[in-house]
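Note sheet for the following structure.
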Amino acid sequence: MYCRAQLIKEKVWSEVVTDRPATGSASKGNLVADAWNITNQSALETIQMSVKPVHLNSVTAVSTAKDAWDALKDIFEARDNARLLQLVHELSNLKKDGDENIIKYTSRAKGLRQKLAMLGKQVDENTLVLQIRSGLPAEYDMIKTVLESMDGKRNLAEVSAKLLTVEQRASRGRSSSSTGVKSQAFSASATKKPWDKKAVVCYYCDKKGHMKRDCLMKKAEDAKGNKKPSGGRRDGGGGGGAPPRAALAYAASAGRAGEHKTPESPSWM
């Protein structure tokens, strides 16, 4: 396209679309041929400077701008035909990828349609919608049935909105399910959390790190057949622990009894 625009700008495009004029014996005919040769050379040089190096050999092996243009035309038509077949195959086998959302999926389909249009292959909107529908996974089976039963031509914007609604609903369902699984996993891990042995205090010796049933001091005393004279917290001994509730209650009741005791009579009475 750029090369053609440049040829038109330089006013030498006519040499690309016309053959070399016949050389006559008259001086007028020679003048026409000479003028054509000059403009042909200018057009040929413009074409040669506009192509990529890979195509340079095709346009330097000829002597006229028309032959150079025809050679390029054959090259690009063959390339476009191969590209056209590839794009048609991609659209016919269009599938939604697992991690691809609906917006990206429909945009990819529209991109294929635009590329085909640039190569001269027009795809109508109804055909494009049907191709999009056929590439949807199983989770869209319900909406696929709805789209198939629609009467008349299908509007791409309307279909895209319906698909987006289905996608959002499925996404919310997966999110709720994931949250439930995470909660169950957290609860299971919380119930299985091991107890901190260092925080345990023995009720026999008042030392941390073990329970009464594992107390070595108690086991040693039991082996001797003796009870610890000053037991731990639950044995009512000193042991550094608080006095048992029964002892406190007894002391309180004894004090109240002493307060109400009748005084003894003097010996002189």
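Going residue by residue through the stretch 98-110, is there one that turns out to be more than 30 Å from E139 (Cα to Cα) and hydroxyl-bearing (S, T, Y)?
Within the stretch 98-110, not a single residue is more than 30 Å from E139 (Cα to Cα) and hydroxyl-bearing (S, T, Y).
Under 35 Å from the mean Cα position of the chain (by Cα) and surrounded by 15 or more Cβ atoms within 10 Å (Cβ to Cβ) - does that describe any residue in the stretch 92-100?
yes
Check off (1) at pLDDT 90 or above; (2) among the acidic types (D, E); (3) closer than 30 Å to R133 by Cα for D99 and give me the number that stays unchecked.
(1)
For the stretch 63-83, name all the residues that are surrounded by fewer than 18 Cβ atoms within 10 Å (Cβ to Cβ) and either among the basic types (K, R) or modelled with pLDDT of 95 or more (or both).
Result: K73, R79, R83.
Could you tell me whether any residue of the stretch 15-38 is modelled with pLDDT of 85 or more, in contact with a helix residue (DSSP H, G or I) (Cβ under 6 Å, 6 or more places away or on another chain) and in a loop (DSSP other than H, G, I, E, B)?
No: the stretch 15-38 contains no residue that is modelled with pLDDT of 85 or more, in contact with a helix residue (DSSP H, G or I) (Cβ under 6 Å, 6 or more places away or on another chain) and in a loop (DSSP other than H, G, I, E, B).
Could we say that K52 is among the basic types (K, R) and modelled with pLDDT under 85 here?
Against the criterion (among the basic types (K, R) and modelled with pLDDT under 85), K52 does not qualify.
The values are calculated or read from the model by the stated rules, or taken from the named source; none is laboratory data. The model shown is predicted, which means the values in this text are computed figures rather than measured ones. Note that each Cβ is placed from the backbone with ideal geometry, even for glycine, and that neighbours are counted across all protein chains shown.
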